[in-house]
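Below is one structure, written out as structure tokens; the observations come after it.
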Amino acid sequence: LLLLAAVPNASAFSSAVPVLSTASGYGCDFALAAAEPSASTDTGTPSATDEAQSTRRVSILLCPAQFCVPSDYDVLFDSLLKAEARLNNDVEIGTCRVADLPRTEWIKVAKQLPTKAFLEAKLPVKKTLGWYFDAMENALSDIFAEEGPDANICIIGHSIGGWVARAYLGGLSGSSTSIGRLAQSRVSSFITLGTPHSSPEAALVDQTRGLLRAVEESSTCSAQSLAERGIETTCVGSSGLGGNFITTNVEELVAASSYLPLLGKIGKDVKGDGIVPMDLAFLDDTHARRVEVESCSITGGAVRHAHVIPTPWNLFDGYAGSIILPEEFIWYGSESIIDDWAQHIR
């Protein structure tokens, strides 16, 4: 979640925040095989041809969070395929790609640390995040190469990846490439998982140094603007974990150290996924769907920000997997939760 390691709470984040990053080189051309209809003489039973015509094929671009790697998302795609099979909502998952961002890419942010724009919290979006936007377009290029120019695209953004993707959809990347223009017309749905969508004035520090605020204040990045272009937006947030500094519970301590600087307050009424408080996880309800989750219906476990702990210190192998948390640590991509938002892939 934290964009810059130089800001307060970076140590807490890097040691406990699961954030994710993946690669356009990650070849996961997932496709759900259409079930063969049983033989029937009933003229009301759809034929195989009818079923094929009613199925909408949608490819996935995943925009990762910070410091994670392609293999960290294998489990998400596996769960997504199983969810689509269960949901049976006439959506077939096509080519899946993740923006190719090994953890070493995040070092590029350091170029902005000594600048006046950084100190004044006015970092320019295009200049600061150009490398992320390039990775997105490389992944989109792969999708169109596999699916053709008429591909339907769903962008899924996890944590920071949600608002970076929102900036891209709003045109803040300044892209003039043919892939960029095509993508702007083919994205049909946009889903964010545990993404902070605003940087309130009450925040103790602007941890993105003006980037998120620039996205938030851009009318082209608003949920209304996306809706007017035919892009269905769904924001997913958790209220499973509270924050507390006076406790021996490590998760509550980590949550408090994240909620307080992001929101500017802490208390019993402040809940979130352990990293991002609920207050920041949603866009305008009028134009964006709001999906609130709290706990697993099977185990009762709280829904957390992610299922891994990234290893930003491992710069020798930028694609080495992050530390995987135990399976009982439920997150947005767990099979018991994923149906709540996967049904909105269009």
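The values are calculated or read from the model by the stated rules, or taken from the named source; none is laboratory data. Quantities reported herein were computed from a predicted structural model and do not represent experimental measurements. Note that we place each Cβ from the backbone using ideal geometry, even for glycine, and neighbour counts take in every protein chain shown. With ligands, DNA and RNA removed, areas are computed over all heavy atoms of the protein, side chains included. Shrake-Rupley method; radii C 1.70, N 1.55, O 1.52, S 1.80 Å.
The label-point distance for Glu228 and Asn88, in a model that sets each label 7 Å from Cα toward Cβ, rounds to 4.1 nm. Placing dummy labels 7 Å off each Cα toward the beta-carbon, the span from Leu113 to Ala145 is 3.5 nm.
Evaluate E = 1/(1 + (r/R0)^6) for Leu325 and Trp131, where r is the Cβ-Cβ distance and R0 equals 30 Å; express this FRET efficiency to the nearest 0.05. Here the calculated transfer efficiency is 0.60. With every protein chain in place and a 1.4 angstrom probe, the accessible-area ranking of Phe77, Phe67, largest first, reads Phe67, Phe77.
Taking 10 °C and 1.306 mPa s as conditions, region 135-226 diffuses translationally at an estimated 114 µm²/s according to Stokes-Einstein applied to its Kirkwood radius (Cα pairs). At an R0 of 35 angstrom, the distance between the Cβ atoms of Ala202 and Arg57 translates into a FRET efficiency of 0.20. Largest to smallest in accessible area, the residues Lys108, Lys127, Lys82 fall in the order Lys127, Lys82, Lys108 (1.4 Å probe, all protein chains included). The order of Glu232, Glu292 by accessible area, most exposed first and with a 1.4 Å probe, is Glu292, Glu232.
Using C-alpha pairs under 8 Å with a sequence gap of at least 6, the mean separation divided by the residue count of region 235-313 gives a relative contact order of 36 percent. Taken along its principal axes, the alpha carbon cloud of region 82-194 reaches lengths of 52, 30, 24 Å, longest axis first. Taking all protein chains as they are arranged and a probe of 1.4 Å, the heavy atoms of Ile323 leave approximately 80 Å² accessible to solvent. Straight-line reach from Lys116: taking Cα to Cα under 19 Å and skipping same-chain neighbours fewer than 8 places apart, the aspartates and glutamates in range are Asp206. The accessible area of Thr55, taken with all protein chains in place and a 1.4 Å probe, comes to roughly 50 Å².
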